[in-house]
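The values are calculated or read from the model by the stated rules, or taken from the named source; none is laboratory data. Since we're looking at a predicted model, the values are computed, not measured. Please note: Cβ atoms are built from the backbone with ideal geometry, for glycine as well, and neighbour counts cover all protein chains shown. Surface accessibility is based on the protein's heavy atoms, side chains included, excluding ligands, DNA and RNA. Shrake-Rupley method; radii C 1.70, N 1.55, O 1.52, S 1.80 Å.
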Amino acid sequence: MWARRFAGSILNSRLATGITQLGRPLLPAAKPITSAFAMPKFSAQQTRGLQNLQPRRRKYKKAQKGRVPVRTGGSTKGNYMAFGDYGLRVKLGLRLSAKTISAIHVMLKRKLKAIKGLRIWLRVFPDIPVSTKGTEIRMGKGKGAFDYWACRVPKDKIIFEVRGPGLNTELAKDAMRQAGFKLGVPTEFVIANDETRQPKKEDLPPTNIPFLQAK
């Protein structure tokens, strides 16, 4: 193999210059021969799809189980429409796995494949490693092995948003209804309007109550 590759490189160099060792032109217009053993070129930029949702790097390999956050301080982050025209909102908190998110994305693309120029936004990302241990195993022996990636989604947060030319409300509502079947919690279909859009900062209620001096 190396001999053929070496001979092919020498022949390509001679044919490219068109001159032999004796100084006479070999061919008037010769094209270099492409070797069958040439290595393919790969682009340096790598892209990730929704079929393999996981963070690029993480400081620790495993994490604590934690609980789904309950927003008692009045936070509304992620509860408003930001990109699309239609969205899917969860009415209860849950821990969402990367496999479920990928399944919903595939279902939305299949259901709305007739819409040219369709765009889908994912408002959550699975970045928490979940580890599991088998049943009927004695206590101890360390933490279980890594199983899947997940994310903690609080109540009233929008998970998916869609938008596309010619996408009507009935078709988007039917697609979001089928997506809600894969979540296992009550969901809500959201339409982008003045009430569901992110309000301005001056219109938001105060997040802290001013301190009142006791008399």
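Computed quantities for the displayed model
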{"quantity": "FRET efficiency, ASN193 to ALA63 (Cβ-Cβ, R0 45 Å, nearest 0.05)", "calculated": "0.75"}
{"quantity": "For MET81, residues with placed amide H under 5 Å, excluding near neighbours", "calculated": "ARG197, GLN198"}
{"quantity": "Pairs of alpha carbons in segment 61-215 whose separation is greater than 29 Å (percent)", "calculated": "32"}
{"quantity": "Modelled label reach - TYR148, point 7 Å along Cα→Cβ, segment 169-202 residues with backbone N closer than 18 Å", "calculated": "179-186"}
{"quantity": "Karplus-derived 3J(HN,Hα), 6.51/-1.76/1.60, for each residue of segment 165-172, Hz, glycine and proline x", "calculated": "x, x, 7, 8, 5, 5, 5, 5"}
{"quantity": "Cα-projected label distance for ARG119 with ARG95, points at 7 Å along beta-carbon direction, nm", "calculated": "3.4"}
{"quantity": "Accessible area in square angstrom per residue, segment 94-215, 1.4 angstrom probe", "calculated": "69"}
{"quantity": "Lys pairs, segment 153-206 - Cα-Cα below 26 angstrom, 8 or more residues apart or on other chains", "calculated": "9"}
